[in-house]
Amino acid sequence: MPRRNKIALIGAGNIGGELAALAAREQIGDVVLFDIPEKEGLAKGKALDLEQNGSVLGYDVKITGTSNWDDCAGSDVVIVTAGVPRKPGMSRDDLLSINLKIIRNVAENVKTKCKDAFVIVISNPLDAMVFEMKKVSGLPAKRVVGMAGVLDSARMTLFLARELGVSSKDVRAMVLGGHGDTMVPVTSYCTVNGVPIKTLIGKDKLDAIVTRTAGGGGEIVKLMGTSAYYAPASAAIAMAKAYLYDEKRMLPCAAYCEGEYGYKDLYIGVPCVIGGGGVEKIVSIELNAEEKAQLDKSAAAVRELVEASKKL
Ligand SMILES: NC(=O)c1ccc[n+]([C@@H]2O[C@H](COP(=O)([O-])OP(=O)(O)OC[C@H]3O[C@@H](n4cnc5c(N)ncnc54)[C@H](O)[C@@H]3O)[C@@H](O)[C@H]2O)c1
């Protein structure tokens, strides 16, 4: 019998709430908004508010707030934001020890209740968290992916568009590598509708945009005291739709490398094709020597974090 897709959102905080709002508005499936027992009221309250929102906006999907993993059973997509966000002055890596315990708990439950799902991890530090999710849940690598590159590329897209005085709709930017200070905005693949960016903007201005992109999350944390949530949620929903609708979108995502780009047993941001099979392919693109060196540096930073998590 046909049935609606089921989307489980683990963590009903800022990003979780916005994910639920978008999933409902775009009617990609019924939504389960999960949080810990102490926050069950928050999950239930947001769920009810969003169901009522459907009566105004004209969507009709079921949204359940819960702290019971049984309600997440059989989900098609699981999006994980469980954990704590940064406060001003913190790096993403500062969150490792606290969020590691949380992700292990979530992964154990994914393993028993949602073993057939496509799992998108958002919690930071992203690359180490998605590595742990795959390890503990035992799900195949193609069904465990991290969201960072879509967001970081969107930030760079906006900065380029504003600088050039063109619509962000026409800018294509690509940010690879780990989701931290070492991320790699790959300027050689940035274009305005196919026109290489370097022919449109001077080196100093481009360098400044690269720097602002790498600090793009921190800029928002400093302004509002916590992490961004609108764009992160939209980025993850784009990835979920690519899977659910077999869109074969090529997106920069934290994917499990097994030799690609010279990295083994490592999650890092690389261009991937996302379709009904999950991460169907990691696309190997040619990088110039400087970009490859930056990616290697980023991979080393991610590996250090993964090694640190093995000791915790
Ligand atoms: N990957 C990215 O690009 C990106 C971007 C922004 C934020 N983030 C990260 O996403 C995470 C969530 O951010 P937020 O702003 O939504 O935080 P938030 O504090 O608003 O929400 C997190 C929620 O997770 C819940 N939680 C804690 N332990 C849990 C568990 N075991 N099971 C289920 N839920 C649990 C908390 O109770 C809280 O409601 C943070 O780690 C943040 O750093 C990542």
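Given the criteria open to solvent by 20 Å² or more (accessible area, probe 1.4 Å) and under 16 Å from residue 149 (Cα atoms), does residue 238 qualify? Please lay out each step first, then the result.
Values: open to solvent by 20 Å² or more (accessible area, probe 1.4 Å): yes; under 16 Å from residue 149 (Cα atoms): yes.
Judged against the criteria, residue 238 is a match.
All but one of (1) over 22 Å from residue 236 (Cβ atoms); (2) part of a strand (DSSP E or B) hold for residue 295; state the number of the condition that does not hold.
The one condition residue 295 does not meet is (2).
Among all residue pairs at least 6 apart or on different chains, which show Cβ distances below 9 Å where the first residue, located in the stretch 101-124, is within 16 Å of residue 72 (Cα to Cα) and the second is modelled with pLDDT of 95 or more and open to solvent by 70 Å² or more (accessible area, probe 1.4 Å)?
Every condition considered, the pairs that remain are 107/135; 113/70; 118/142.
Are any residues in the stretch 10-35 in contact (Cβ under 8 Å) with a residue 40 or more places away in the chain, of a type in the set (A, V, I, L, M) and over 15 Å from residue 230 (Cα atoms), and if so, which ones?
10, 28, 32
Pull up the stretch 40-64, narrow it to residues that are aliphatic (A, V, I, L, M) and within 14 Å of the ligand (Cβ to nearest atom), then point me to the one that is nearest to residue 238 (Cα to Cα). First the steps, then the outcome.
Narrowing the stretch 40-64 to residues aliphatic (A, V, I, L, M): 42-43, 47-48, 50, 56-57, 61, 63.
Among the residues that remain, those that are also within 14 Å of the ligand (Cβ to nearest atom) are: 42-43, 47.
On the way: 42: 25, 43: 23, 47: 21 Å.
By that ranking, first place goes to 47.
Just to verify a result, which residue in the stretch 152-208, among those that are of a type in the set (Gly, Ala, Ser) and without any contact (Cβ under 8 Å) to a residue 60 or more places away in the chain, is surrounded by the most Cβ atoms within 10 Å (Cβ to Cβ)?
Just the residues of the stretch 152-208 that are of a type in the set (Gly, Ala, Ser), to begin with: 153-154, 161, 165, 167-168, 173, 177-178, 180, 188, 194, 202, 208.
Subset that is without any contact (Cβ under 8 Å) to a residue 60 or more places away in the chain: 161, 165, 167-168, 173, 194, 202, 208.
On the way: 161: 17, 165: 6, 167: 10, 168: 14, 173: 26, 194: 7, 202: 10, 208: 14.
Checked the stretch 152-208; the qualifying residue surrounded by the most Cβ atoms within 10 Å (Cβ to Cβ) is 173.
Just the residues that are touching a strand residue (DSSP E or B) at 6+ places or on another chain (Cβ under 9 Å) and more than 11 Å from the ligand (Cβ to nearest atom), please, taken from the stretch 111-127. Don't jump to the end; show me each part of the working.
Here is the first cut: in the stretch 111-127, the ones touching a strand residue (DSSP E or B) at 6+ places or on another chain (Cβ under 9 Å) are 113-114, 117-123, 126-127.
Within the stretch 111-127, 113, 114, 117, 118, 119 qualify.
Return the only residue of 231, 240, 208, 235 being more than 16 Å from the ligand (Cβ to nearest atom) and either assigned to a helix (DSSP H, G or I) or of a type in the set (D, E, K, R) (or both). First the steps, then the outcome.
On the way: 231 fails: more than 16 Å from the ligand (Cβ to nearest atom); 240 fails: more than 16 Å from the ligand (Cβ to nearest atom); 235 fails: more than 16 Å from the ligand (Cβ to nearest atom).
Just a single option satisfies the conditions, and that option is 208.
Any residue in the stretch 53-75 that is more than 18 Å from residue 108 (Cα to Cα) and open to solvent by 60 Å² or more (accessible area, probe 1.4 Å) sitting within a Cβ distance under 6 Å of a residue that is among the acidic types (Asp, Glu) and not in a loop (DSSP other than H, G, I, E, B)? List the pairs, counting only those 6 or more apart or interchain.
62/30
In the stretch 128-143, which residue that is closer than 18 Å to residue 303 by Cα and more than 14 Å from the ligand (Cβ to nearest atom) is most open to solvent (accessible area, probe 1.4 Å)? Even if it seems obvious, please write down each step before you answer.
Keep residues of the stretch 128-143 that are closer than 18 Å to residue 303 by Cα, which gives 128-136, 141.
After this cut, where a residue has to be more than 14 Å from the ligand (Cβ to nearest atom) as well, the list is 134-135, 141.
Working: 134: 48, 135: 105, 141: 24 Å².
So the residue we want is 135.
Go through the stretch 4-16 and report how many residues are open to solvent by less than 10 Å² (accessible area, probe 1.4 Å) and part of a helix (DSSP H, G or I).
Here the count works out to 1.
Inside the stretch 60-145, counting only strands (runs of 3 or more DSSP E) that do not spill past its ends, which hold 3 or more residues that are over 15 Å from the mean Cα position of the chain (by Cα) and more than 21 Å from residue 216 (Cβ to Cβ)? Talk me through it step by step, then tell me what you get.
Details: elements: 63-66, 77-80, 118-121.
By residue number, 63-66.
Pull out all pairs, ordered by first then second residue, where Cβ-Cβ is under 8 Å, the residues are six or more apart or on different chains, the first lies in the stretch 76-97 and is at positive phi, and the second is open to solvent by less than 30 Å² (accessible area, probe 1.4 Å) and assigned to a helix (DSSP H, G or I).
If the second residue must be open to solvent by less than 30 Å² (accessible area, probe 1.4 Å) and assigned to a helix (DSSP H, G or I), the pairs left are 83/95; 83/99; 83/103; 83/129.
Could you check how many residues of the stretch 211-226 are small (Gly, Ala, Ser), touching a residue at least 40 places away in the same chain (Cβ under 8 Å) and assigned to a loop (DSSP other than H, G, I, E, B)?
1
Kindly provide the set of residues from the stretch 88-101 that are in contact with a helix residue (DSSP H, G or I) (Cβ under 9 Å, 6 or more places away or on another chain), near the ligand (Cβ under 10 Å from one of its atoms) and open to solvent by 10 Å² or more (accessible area, probe 1.4 Å), ordered by number.
90, 92
Just for the stretch 24-39: of the residues that are assigned to a helix (DSSP H, G or I) and open to solvent by 60 Å² or more (accessible area, probe 1.4 Å), which one is farthest from the ligand (Cβ to nearest atom)? Lay out the reasoning, then the answer.
From the stretch 24-39, those assigned to a helix (DSSP H, G or I) are 24-25, 37-39; that's our starting set.
Checking which are open to solvent by 60 Å² or more (accessible area, probe 1.4 Å) leaves us with 25, 37-39.
Numbers: 25: 18, 37: 10, 38: 7, 39: 4 Å.
Per the stated criteria, the residue is 25.
The values are calculated or read from the model by the stated rules, or taken from the named source; none is laboratory data. Everything numeric in this text was worked out from a predicted model, so none of it was measured. In this analysis, Cβ positions are derived from the backbone assuming ideal geometry, glycine residues included, and neighbour counts consider all displayed protein chains. The area values use the complete protein model at the heavy-atom level, side chains included, leaving out ligands, DNA and RNA. Shrake-Rupley method; radii C 1.70, N 1.55, O 1.52, S 1.80 Å.
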